[in-house]
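Colleague: Sharing a structure, written as structure tokens. Questions coming.
The values are calculated or read from the model by the stated rules, or taken from the named source; none is laboratory data. Computed from a predicted structure; not experimentally measured. Using ideal geometry, Cβ is built from the backbone for each residue, glycine included, and neighbour counts are taken over all protein chains shown. Note: areas computed on protein heavy atoms with side chains; ligands, DNA, RNA excluded. Shrake-Rupley method; radii C 1.70, N 1.55, O 1.52, S 1.80 Å.
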Amino acid sequence: MRQRNFRFICKIAQMVRLGFIVMTVCINITIAYEWTWLKLPRKHISYHFNTNPQLKTMCAEDISCPYKDCINETKCWGYEPFCNSSIHISHLNCPGDSERWTKTKEEQFNKFWITADFGMISERLQEMTTLCKPVDENDSSLQCVKYLRYCQAKNIYFNFSSANILSGNDRNRYREDIIKPGQVGGHCQLDVNILKSQGEHKSPLQSWYAELEHYTSLEFYPLDSKHCDLILDKPTYLIKLDAGVNMYHHFCDFINLYASQHLNNSFSTDVNIIMWDTSPMPYGDFFKITWKAFTDHPIIALKDLDGKNVCIKDAVFPLLARMRFGLYYNMPLIPGCHGSSLVKTFSEHILHRLNILQTGPLREQIRVTFLVRNTQYRNILNQVELWSALKTGGEYEVTVVDFNRNMPFEEQLAISHNTDIFIGIHGAGLTHLLFQPDWAVVIEIYNCEDPGCYYDLARLRGIKYMTWENKSKMTQEDEGHHPTLRAHAKFTNFAFDVNEFMRLIHIATQHVRNHPAYLTAQKDIADRTVKYNSRNIIKDEL
């Protein structure tokens with residue numbers, strides 16, 4: 001947190017009357033906290049205040065604080081010690097059957113909460129264990145959750161002298177031999193037995209065990225300049241990434257990084273991020289603009305630290321994309337429930353920090369975005385016919401788009417966030433459903449025999465999901481032609497019956513028009529229009 005500063009200036013007002021000072025005035029001048037540094041959606045401020053009561057007090061005392069209306073709101077995320085189910089954030093709904101996952105509705109709610117919502121943060125916080133204990137205030141420390149899936153370290157030392165990232169021939173991005181015995185540690189009392197017992201999830205994108213298993217108690221203080229070629233004073237997140245060219249996989253990185261910010265209780269962008277990529281090759285990142293939501297500074301590549309001794313004052317090893325039972329990849333999501341507040345607030349957080357605005361809904365039309373593909377497989381053979389059917393009658397504002405590397409990602413987000421009905425065949429582009437408005441519908445026109453992927457993602461986001469229901473009314477070009485695997489529906493193309501397609505569209509339309517959030521947004525637009533017109537009438541009369 002950026003600390004508030006105080007200074008006291010005593011000004012002596014002297015009145016020369018009978019030769020002595022008759023008045024001394026002390027003025028307390030406050031240098032106010034720069035509240036714009038929070039960079040949080042306004043609806044998140046009261047939660048952040050209650051998690052950080054000192055910040056709330058500062059706002060109450062600072063006349064320039066723009067969040068006075070948030071001070072007295074009793075809200076919490078759900079993982080704080082004082083937080084109970086009556087006041088914590090929740091968009092969770094479980095109208096469906098759990099399909100024998102649980103015996104009661106209460107168990108079903110709780111299962112979703114602790115695996116797919118802020119209850120997961122609470123579970124991880126309860127697991128936090130001190131592996132290396134500091135003795136004095138200048139010491140190091142290491143705290144981790146179970147299996148080292150998330151860790152926090154103070155004054156940690158890394159020796160990359162034998163990493164051989166740049167000089168080696170290994171292009172493996174997930175090497176586990178970068179850190180050897182004696183090359184990572186801190187000046188603290190290490191419990192070796194606990195550390196060695198945490199290796200069950202050792203895997204590139206499942207835990208940090210490979211990077212920290214050789215952590216040792218050092219005889220020197222890491223931040224002594226003589227031991228460090230580079231000292232990182234800013235809080236630093238180290239992150240191992242999934243595929244940066246695939247939105248579904250890469251946003252699993254981002255959502256777990258956001259969850260880790262909750263674990264760390266900080267959303268500051270004045271942080272370093274080290275990309276723990278053990279390959280000398282460039283990392284292709286089609287969505288790199290998203291890093292602006294997490295840091296104000298350039299991403300540091302691990303290869304840039306090759307051969308150096310690096311000391312980090314405050315390090316975070318965040319949750320990873322492919323953890324066992326993680327979020328959202330490898331997640332066994334309990335049936336019958338939808339609406340993760342964690343995923344919804346992640347969406348709001350990213351949109352806010354990238355300044356993506358909601359400009360709708362429209363007064364009359366429903367905004368439909370039709371996602372097309374420029375690939376060999378999973379094309380819609382009669383897509384022009386489907387577009388034409390949508391445009392007939394004027395009920396829909398239709399946008400046809402190819403979300404590819406040539407379109408800036410912020411432009412893609414602006415489209416998906418302003419889409420009421422999003423249509424596309426199975427593919428990573430459907431991950432844009434994370435950023436649709438609350439009243440929206442995503443139609444995965446065909447799931448290509450992978451029914452759970454985007455259905456579960458839509459359930460996490462809390463929006464309605466639809467897919468093709470009648471296979472007799474679609475045509476598959478052939479059995480599918482993967483070069484090495486068996487025939488599969490992901491490797492061919494399809495055509496869809498127009499009338500059946502429009503039937504699904506009409507169902508989606510009714511959902512949008514009747515959704516409470518849509519009706520509220522429509523009313524807000526109407527009210528603003530009335531106020532605007534009233535002001536113009538008054539101006540004309542004057």
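Colleague: Pick from Lys196, Lys202, Lys234: which is open to solvent by 30 Å² or more (accessible area, probe 1.4 Å) and farther than 28 Å from Tyr283 by Cα?
Modeller: Values: Lys202 fails: farther than 28 Å from Tyr283 by Cα; Lys234 fails: farther than 28 Å from Tyr283 by Cα.
Exactly one residue qualifies, and that residue is Lys196.
Colleague: Turning to a different aspect of this structure: Please verify whether region 267-274 includes one or more residues that are touching a residue at least 40 places away in the same chain (Cβ under 8 Å), more than 25 Å from Asn406 (Cα to Cα), in contact with a strand residue (DSSP E or B) (Cβ under 9 Å, 6 or more places away or on another chain) and not hydrophobic (A, V, I, L, M, F, W, C). Give the steps one after another, and end with the answer.
Modeller: Restricting attention to region 267-274, the residues satisfying the condition of being touching a residue at least 40 places away in the same chain (Cβ under 8 Å) are 267-270, 272.
Then drop every residue that is not more than 25 Å from Asn406 (Cα to Cα), which leaves 267-270, 272.
Right, trim to in contact with a strand residue (DSSP E or B) (Cβ under 9 Å, 6 or more places away or on another chain) and you get 272.
In the following step, the residues that additionally are not hydrophobic (A, V, I, L, M, F, W, C) were identified as 272.
So far as region 267-274 goes, yes, one or more of its residues are touching a residue at least 40 places away in the same chain (Cβ under 8 Å), more than 25 Å from Asn406 (Cα to Cα), in contact with a strand residue (DSSP E or B) (Cβ under 9 Å, 6 or more places away or on another chain) and not hydrophobic (A, V, I, L, M, F, W, C).
Colleague: For Thr57, all conditions in the list (1) assigned to a helix (DSSP H, G or I); (2) buried (at least 17 other Cβ atoms within 10 Å of the Cβ) hold save one; what is the number of the exception?
Modeller: Single failed check for Thr57: (2).
Colleague: Take Arg363 and tell me if it is at pLDDT 95 or above, part of a loop (DSSP other than H, G, I, E, B) and over 16 Å from Gln436 (Cβ atoms).
Modeller: No; evaluated as a whole, the condition is false for this residue.
Colleague: Okay, next question. Do we find that Leu305 is within 17 Å of the chain's Cα centre (by Cα), surrounded by 17 or more Cβ atoms within 10 Å (Cβ to Cβ) and not β-branched (Val, Ile, Thr) in this structure?
Modeller: Values: within 17 Å of the chain's Cα centre (by Cα): no; surrounded by 17 or more Cβ atoms within 10 Å (Cβ to Cβ): yes; not β-branched (Val, Ile, Thr): yes.
The answer is no for Leu305.
Colleague: For region 277-294, give me each residue that is over 14 Å from Phe251 (Cα atoms) and open to solvent by less than 10 Å² (accessible area, probe 1.4 Å).
Modeller: Thr278, Ser279
Colleague: Report, by residue number, each residue of region 467-523 that is hydroxyl-bearing (Ser, Thr, Tyr), open to solvent by 90 Å² or more (accessible area, probe 1.4 Å) and modelled with pLDDT of 95 or more. I'd like the intermediate steps shown before the answer.
Modeller: To start, the set of residues in region 467-523 that are hydroxyl-bearing (Ser, Thr, Tyr) comprises 467, 472, 475, 484, 492, 509, 518, 520.
In the following step, the residues that additionally are open to solvent by 90 Å² or more (accessible area, probe 1.4 Å) were identified as 472, 484.
Matches in region 467-523: Ser472 only.
Colleague: Moving to a separate point now. Restricting to region 101-119, name every residue that is outside any loop (DSSP other than H, G, I, E, B), within 23 Å of the chain's Cα centre (by Cα) and closer than 18 Å to Pro335 by Cβ. Let's see the steps before the verdict.
Modeller: In the first step, residues of region 101-119 are kept if they are outside any loop (DSSP other than H, G, I, E, B); the result is 105-116, 118-119.
When the remaining residues are screened for being within 23 Å of the chain's Cα centre (by Cα), the result is 109-116, 118-119.
Within region 101-119, Phe109, Asn110, Lys111, Phe112, Trp113, Ile114, Thr115, Ala116, Gly119 qualify.
Colleague: Also, quick follow-up: Counting only residues that are in contact (Cβ under 8 Å) with a residue 24 or more places away in the chain and either within 30 Å of Leu351 (Cβ to Cβ) or among the basic types (Lys, Arg) (or both), give me the strands (runs of 3 or more DSSP E) lying completely in region 401-498 with at least 3 of them.
Modeller: So the answer is 421-424, 441-444, 464-467.
Colleague: Examine region 337-356 for a residue that is under 26 Å from Arg175 (Cβ atoms), open to solvent by 10 Å² or more (accessible area, probe 1.4 Å) and within 17 Å of the chain's Cα centre (by Cα), and state whether such a residue exists.
Modeller: Of the residues in region 337-356, the ones under 26 Å from Arg175 (Cβ atoms) are none.
Looking for residues that are under 26 Å from Arg175 (Cβ atoms), open to solvent by 10 Å² or more (accessible area, probe 1.4 Å) and within 17 Å of the chain's Cα centre (by Cα), one finds none in region 337-356, hence no.
Colleague: Continuing with the same structure: Does Gln126 satisfy being part of a helix (DSSP H, G or I) and either open to solvent by 40 Å² or more (accessible area, probe 1.4 Å) or within 30 Å of His249 (Cα to Cα) (or both)? Quick ask: steps written out before the conclusion?
Modeller: Numbers: part of a helix (DSSP H, G or I): yes; either open to solvent by 40 Å² or more (accessible area, probe 1.4 Å) or within 30 Å of His249 (Cα to Cα) (or both): yes.
Yes, satisfied.
Colleague: Any residue at all in region 370-388 that is of a type in the set (A, V, I, L, M), touching a residue at least 40 places away in the same chain (Cβ under 8 Å), surrounded by fewer than 15 Cβ atoms within 10 Å (Cβ to Cβ) and in contact with a strand residue (DSSP E or B) (Cβ under 7 Å, 6 or more places away or on another chain)?
Modeller: yes
Colleague: Criterion first (part of a loop (DSSP other than H, G, I, E, B), open to solvent by less than 40 Å² (accessible area, probe 1.4 Å) and farther than 29 Å from Glu127 by Cα) does Ser266 satisfy it?
Modeller: Numbers: part of a loop (DSSP other than H, G, I, E, B): yes; open to solvent by less than 40 Å² (accessible area, probe 1.4 Å): yes; farther than 29 Å from Glu127 by Cα: no.
So Ser266 does not fit the description; no.
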